[in-house]
Structure formats: structure tokens, C-alpha cells
Amino acid sequence: MTKQYDVITLFPEMFDAIADSGITRRALDEKAWALKCWNPRDFTSDKHRTVDDRPFGGGPGMVMKAEPLNAAIDAGIQRQKNDGVDKPKVVYLTPQAKPITDEGIRQLCEESGLIFLCGRYEGIDERLIQSRVDIEISIGDYVLSGGELAAMVLIDAMVRLLPGVLNTADSATEDSFSPTRGGLLDHPHYTRPEVWNGLEVPQELMSGNHAGIAKWRKRVAMERTLSRRPDLLEAALKNAVLDQSDLKILSA
Ligand code: ADE
């Protein structure tokens, strides 16, 4: 079934970035997912098509008005209903939420339809969030100029996990953070030529010995994880994804 994604945004053209290029474009052509953007400006009734206003209580910046967003969300929900999705969840992108992880992406992927609400300016009238938003998501502890890039990050990360989107050759099961990788970062990759810029491909990869190659990759993945993200290694041991015998590889 085609995943249905609607986006509420003042900048729909930004989404050409995922609709027009790469794996996300191919997956869109193959109907693994569908995208429809709604501009809240098209849901205003005044002649200036006003989508923002000054904050009550004063202070810098502007706040997005509730009503145009409310009407745009309704349009998205109606569209999804017509395309067979009963109750799509509304996701608000905000730095004031818990940063998403691989596990969160996989959960989001289970939804047959989602509506992404992208804020601009200082934010959105809180009453709209209260009334309409089901999930608030951050993509990291830094502030973007709007939710659009965050929504695209989520869509990209989800679409590549959909069945049939990646062929087995570039399967997502071997990615860093994938549960099937045992909580380790990915190992390094090499291709031709055998010597580049005076640097050789590690001999272990040239041996043709599949067991030896697998062992080398696991050791290097563990070394990388230990030096770059010791927190991941600790979690993998705690969750029994790795055990002490795996650690022996490190000293081998
Ligand atoms: N909007 C602005 N910053 C953001 C962030 N870090 N994550 C999600 N949405 C945002």
C-alpha cells in the first residue's frame, strides 16, 4: 500500500528536493509513497492572505495563526480519506520535542498516512498544537529556520525503509543503527582502485575469504563504535545484542 504523506508548509517548493531526486524520487514514481503539500496561505480569507500575527504578551517575532493551519490540516485529512487512510496522525516538527532515533523512524513507518505540520517564525499558536497535533518530533538539539528540512529528513529516513525501495544490494538492514547490525556503527567501505592517493585497501578485504572478511568488518565496526560512540557499545552490551565474547574481537 502506498504511504500517504501530506505536508502543511509555506514553502511547498522545498519538497521538490525529495520529490525530484534520488531514491525518494524513484520510490515516489513506484508509488511506494505519495506526497501532497498544502500552503496555509491558500486557506486565508483576507486580502493580504495573512498567515502570521504578533504574539500576545509582546516579544520579538511573529506567530503562525491557528485558523489557516487548521483548514490546511482538514484538507490533508480529507485527501487521505479519499485515498483510503482513515485517521492520519498529525506530526508537528519542533526543536522542543524529544530527538527522534532509528527506532522512532521505524515506528513512524508503520503509519499508513501522516500529516507533517511545518512551523516558521517563532512558532505556531499553541491552541492549534493542542487541538490538532498527535506527535511532536525534533530531529536534533539545534534550531532550524522551519520544520520543512526536518519533515524531509523524516520522510527520507522512512521511505528508504519501505519494502522494495532499496534493492538487496543496498539493503537498509546493514546500515548503522539498524537493529540487525547489533547496535554497531557501519564498517568502512572501499572500491577500486586498490591504491588511491598512496592509500591501500585493507588486505583482509582482498583475501576472498568470506569468514575472514566478516570477522574484519565486525572488528572494525566495533573499534569505530568504541572510539566514536561508546554509548552505543554500552547499550548493545546492556541489551545483550553483544556479549563479552564479542568484545574479545577487539583485543584480537
Ligand atoms: N524546527 C526547527 N528546528 C527543528 C528541529 N531541530 N527539529 C524539528 N523541527 C524543527
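The values are calculated or read from the model by the stated rules, or taken from the named source; none is laboratory data. Predicted model only: the values in this text are computed from it and were never measured. Positions of Cβ are generated from backbone atoms using ideal geometry, with glycine treated the same way; all protein chains shown enter the neighbour counts.
Yes or no: the range 29-42 includes at least one residue that is farther than 27 Å from Asp125 by Cβ and assigned to a helix (DSSP H, G or I). Within the range 29-42, one or more residues are farther than 27 Å from Asp125 by Cβ and assigned to a helix (DSSP H, G or I). For the range 99-117, which residues satisfy the criterion of being under 16 Å from Pro88 (Cα atoms) and in a strand (DSSP E or B)? Gly113, Leu114, Ile115, Phe116, Leu117 - these are the residues of the range 99-117 that are under 16 Å from Pro88 (Cα atoms) and in a strand (DSSP E or B).
Rundown of residues vs (1) within 16 Å of the ligand (Cβ to nearest atom); (2) within 21 Å of Ser21 (Cβ to Cβ); (3) loosely packed, with under 13 Cβ neighbours inside 10 Å, yes/no style:
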position	(1), (2), (3)
Glu67	no, no, no
Asp74	no, no, no
Ile77	no, no, no
Pro88	no, no, no
Gln96	yes, no, yes
Gly104	yes, no, no
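Looking at the range 146-153, can you tell me whether even one residue there is in contact with a Lys or Arg (Cβ under 9 Å, 6 or more places away or on another chain) and either under 14 Å from Asp6 (Cβ atoms) or among the aromatic types (Phe, Trp, Tyr) (or both)? So far as the range 146-153 goes, yes, one or more of its residues are in contact with a Lys or Arg (Cβ under 9 Å, 6 or more places away or on another chain) and either under 14 Å from Asp6 (Cβ atoms) or among the aromatic types (Phe, Trp, Tyr) (or both). State whether one or more residues within the range 187-195 are farther than 30 Å from Met14 by Cβ, surrounded by fewer than 17 Cβ atoms within 10 Å (Cβ to Cβ), within 24 Å of the chain's Cα centre (by Cα) and modelled with pLDDT under 95. No. The set of residues in the range 126-164 that are of a type outside the set (A, V, I, L, M, F, W, C) and either assigned to a helix (DSSP H, G or I) or away from the ligand (no atom under 14 Å from the Cβ) (or both) comprises Glu126, Arg127, Gln130, Ser131, Arg132, Asp134, Glu148, Asp156, Arg160, Pro163, Gly164.
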